[in-house]
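Before any comments, here is the structure.
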Amino acid sequence: MKVQVINGPNLNMLGQREKDHYGELTLDKINELILQKAKKMKIDIGFFQSNEEGQIVSKIQECSGENDFIIINPAAFTHTSIAIRDALLSVKAKFVEVHLSNIFNREDFRQHSFVSSIALGVISGFGYQSYLMALDAIDNIQK
Ligand code: DQA
(Lines give C-alpha, C1' and ligand atoms only; values in the text may rest on other atoms or scores of the structure.)
Protein backbone atom coordinates (compact mmCIF):
# COMPACT_ATOMS: atom_id res chain seq x y z
CA MET A 1 0.00 0.00 0.00
CA LYS A 2 1.23 3.47 -0.93
CA VAL A 3 0.41 6.55 1.17
CA GLN A 4 1.37 10.20 0.67
CA VAL A 5 1.49 12.58 3.64
CA ILE A 6 0.87 16.22 2.69
CA ASN A 7 1.38 19.09 5.11
CA GLY A 8 0.36 22.68 4.51
CA PRO A 9 1.70 26.11 5.45
CA ASN A 10 3.68 26.82 8.59
CA LEU A 11 3.90 23.16 9.56
CA ASN A 12 7.61 23.41 8.69
CA MET A 13 7.75 25.63 11.80
CA LEU A 14 6.60 22.91 14.20
CA GLY A 15 8.77 22.72 17.29
CA GLN A 16 9.01 26.53 17.39
CA ARG A 17 5.48 27.56 16.55
CA GLU A 18 2.64 27.91 19.13
CA LYS A 19 3.76 24.88 21.11
CA ASP A 20 0.63 25.00 23.29
CA HIS A 21 -1.42 24.13 20.23
CA TYR A 22 0.99 22.07 18.18
CA GLY A 23 3.43 20.45 20.61
CA GLU A 24 7.20 20.32 20.88
CA LEU A 25 8.11 18.04 17.99
CA THR A 26 9.54 19.27 14.71
CA LEU A 27 8.01 18.13 11.42
CA ASP A 28 11.13 16.03 10.72
CA LYS A 29 10.69 14.22 14.04
CA ILE A 30 6.99 13.63 13.40
CA ASN A 31 7.78 12.30 9.92
CA GLU A 32 10.38 9.97 11.45
CA LEU A 33 7.74 8.56 13.84
CA ILE A 34 5.26 8.13 10.97
CA LEU A 35 7.94 6.42 8.86
CA GLN A 36 8.83 3.98 11.67
CA LYS A 37 5.19 3.00 12.08
CA ALA A 38 4.60 2.76 8.34
CA LYS A 39 7.60 0.45 7.94
CA LYS A 40 6.23 -1.90 10.61
CA MET A 41 2.88 -1.87 8.79
CA LYS A 42 4.62 -2.47 5.42
CA ILE A 43 3.21 0.78 4.07
CA ASP A 44 5.22 2.65 1.45
CA ILE A 45 5.05 6.27 2.57
CA GLY A 46 6.07 9.66 1.13
CA PHE A 47 6.26 13.08 2.76
CA PHE A 48 5.57 16.52 1.31
CA GLN A 49 5.22 19.95 2.91
CA SER A 50 4.62 23.28 1.22
CA ASN A 51 3.70 26.79 2.24
CA GLU A 52 2.15 27.35 -1.20
CA GLU A 53 -1.37 26.42 -2.17
CA GLY A 54 -0.53 25.75 -5.84
CA GLN A 55 2.24 23.33 -4.90
CA ILE A 56 -0.16 21.39 -2.71
CA VAL A 57 -2.70 21.26 -5.54
CA SER A 58 0.01 19.94 -7.90
CA LYS A 59 1.15 17.33 -5.37
CA ILE A 60 -2.42 16.08 -4.95
CA GLN A 61 -2.72 15.81 -8.75
CA GLU A 62 0.53 13.80 -8.86
CA CYS A 63 -0.90 11.34 -6.35
CA SER A 64 -3.58 10.27 -8.82
CA GLY A 65 -3.02 6.64 -9.75
CA GLU A 66 0.21 6.63 -7.72
CA ASN A 67 -1.08 6.46 -4.16
CA ASP A 68 -3.81 4.45 -2.49
CA PHE A 69 -4.39 7.04 0.21
CA ILE A 70 -3.41 10.58 1.20
CA ILE A 71 -3.04 11.81 4.77
CA ILE A 72 -3.39 15.59 4.57
CA ASN A 73 -3.08 18.39 7.10
CA PRO A 74 -3.93 21.41 4.94
CA ALA A 75 -3.20 23.69 7.95
CA ALA A 76 -4.63 27.20 7.38
CA PHE A 77 -5.74 26.20 3.85
CA THR A 78 -8.24 23.87 5.55
CA HIS A 79 -10.37 26.91 6.24
CA THR A 80 -9.85 28.79 2.97
CA SER A 81 -9.00 26.60 0.02
CA ILE A 82 -11.59 25.57 -2.52
CA ALA A 83 -8.63 24.81 -4.84
CA ILE A 84 -7.38 22.04 -2.53
CA ARG A 85 -10.89 20.62 -2.18
CA ASP A 86 -11.30 20.65 -5.97
CA ALA A 87 -7.92 18.94 -6.45
CA LEU A 88 -8.89 16.16 -4.04
CA LEU A 89 -12.20 15.75 -5.87
CA SER A 90 -10.67 15.85 -9.33
CA VAL A 91 -8.33 12.94 -8.61
CA LYS A 92 -10.97 11.14 -6.53
CA ALA A 93 -8.42 10.90 -3.73
CA LYS A 94 -9.22 8.75 -0.73
CA PHE A 95 -7.85 10.79 2.11
CA VAL A 96 -7.83 11.32 5.85
CA GLU A 97 -7.82 14.93 7.09
CA VAL A 98 -5.64 15.38 10.15
CA HIS A 99 -4.93 18.23 12.54
CA LEU A 100 -2.59 18.40 15.49
CA SER A 101 -4.95 20.65 17.46
CA ASN A 102 -8.68 20.18 17.93
CA ILE A 103 -9.92 22.71 15.37
CA PHE A 104 -13.44 22.42 16.81
CA ASN A 105 -12.56 23.96 20.16
CA ARG A 106 -10.58 26.90 18.77
CA GLU A 107 -11.55 30.15 17.03
CA ASP A 108 -14.77 30.16 15.00
CA PHE A 109 -12.89 30.58 11.71
CA ARG A 110 -11.06 27.28 12.31
CA GLN A 111 -14.23 25.32 12.85
CA HIS A 112 -15.09 25.16 9.16
CA SER A 113 -13.10 22.89 6.88
CA PHE A 114 -13.48 22.89 3.09
CA VAL A 115 -12.26 19.29 2.90
CA SER A 116 -13.97 17.42 5.78
CA SER A 117 -17.13 16.63 3.86
CA ILE A 118 -15.18 14.75 1.17
CA ALA A 119 -12.66 13.06 3.51
CA LEU A 120 -12.85 9.43 4.62
CA GLY A 121 -12.68 10.91 8.10
CA VAL A 122 -11.15 13.61 10.24
CA ILE A 123 -8.68 13.15 13.12
CA SER A 124 -8.14 16.35 15.06
CA GLY A 125 -6.66 17.14 18.45
CA PHE A 126 -4.21 14.35 19.22
CA GLY A 127 -1.00 16.18 18.38
CA TYR A 128 1.45 14.15 16.26
CA GLN A 129 -0.55 11.05 17.15
CA SER A 130 -3.29 12.27 14.78
CA TYR A 131 -1.01 11.19 11.90
CA LEU A 132 -0.31 7.78 13.47
CA MET A 133 -4.04 7.25 14.04
CA ALA A 134 -4.67 8.09 10.39
CA LEU A 135 -2.26 5.29 9.39
CA ASP A 136 -4.16 2.84 11.61
CA ALA A 137 -7.46 3.98 10.11
CA ILE A 138 -6.20 3.49 6.55
CA ASP A 139 -4.77 0.09 7.40
CA ASN A 140 -8.08 -1.02 8.93
CA ILE A 141 -10.07 0.23 5.93
CA GLN A 142 -7.76 -1.74 3.65
CA LYS A 143 -8.31 -5.03 5.52
C1 DQA B 1 -3.80 22.92 12.06
C2 DQA B 1 -4.98 23.79 12.48
C3 DQA B 1 -5.15 24.98 11.55
O4 DQA B 1 -6.26 25.77 11.96
C5 DQA B 1 -3.91 25.84 11.57
O6 DQA B 1 -4.02 26.89 10.64
C7 DQA B 1 -2.65 25.06 11.35
C8 DQA B 1 -2.52 23.74 11.93
C9 DQA B 1 -3.51 21.77 13.05
O10 DQA B 1 -2.81 20.86 12.67
O11 DQA B 1 -3.99 21.81 14.19
O12 DQA B 1 -1.70 25.57 10.78
O13 DQA B 1 -4.11 22.33 10.80
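The values are calculated or read from the model by the stated rules, or taken from the named source; none is laboratory data. Because the structure is a prediction, the values reported are computed rather than measured. Note that each Cβ is placed from the backbone with ideal geometry, even for glycine, and that neighbours are counted across all protein chains shown. The accessibility values were calculated without ligands, DNA or RNA, using every heavy atom of the protein model including side chains. Shrake-Rupley method; radii C 1.70, N 1.55, O 1.52, S 1.80 Å.
Of the solvent-accessible surface of the chain, computed with a 1.4 Å probe and all protein chains present, 48% belongs to carbon and sulfur. One way to sum up the overall shape of the chain is the equivalent ellipsoid from its Cα gyration tensor, whose semi-axes run 20, 19, 14 Å, largest first. The residues of the stretch 2-142 expose, per residue, 50 Å² of accessible area to a 1.4 Å probe. In the chain the longest region clear of GluC sites (Glu not before Pro) that are loop-assigned by DSSP and have at most 11 other C-beta atoms within 10 Å covers 67-106.
Counting only heavy atoms of the protein chains and using a 1.4 Å probe, S58 has close to 60 Å² of accessible surface. Working note: Karplus 6.51/-1.76/1.60 with θ = phi - 60° gives the stretch 70-85 the couplings 10, 10, 10, 10, x, 6, 4, 5, 3, 9, 10, 9, 6, 5, 5, 4 Hz, where Gly and Pro are set to x. With contacts taken as Cα pairs under 8 Å and at least 6 residues apart, the stretch 26-89 reaches a relative contact order of 31 percent. Put simply, the amide H of G46, placed in the peptide plane, has neighbours under 5 Å in V3, Q4, V5, leaving out anything fewer than 5 places away on its chain.
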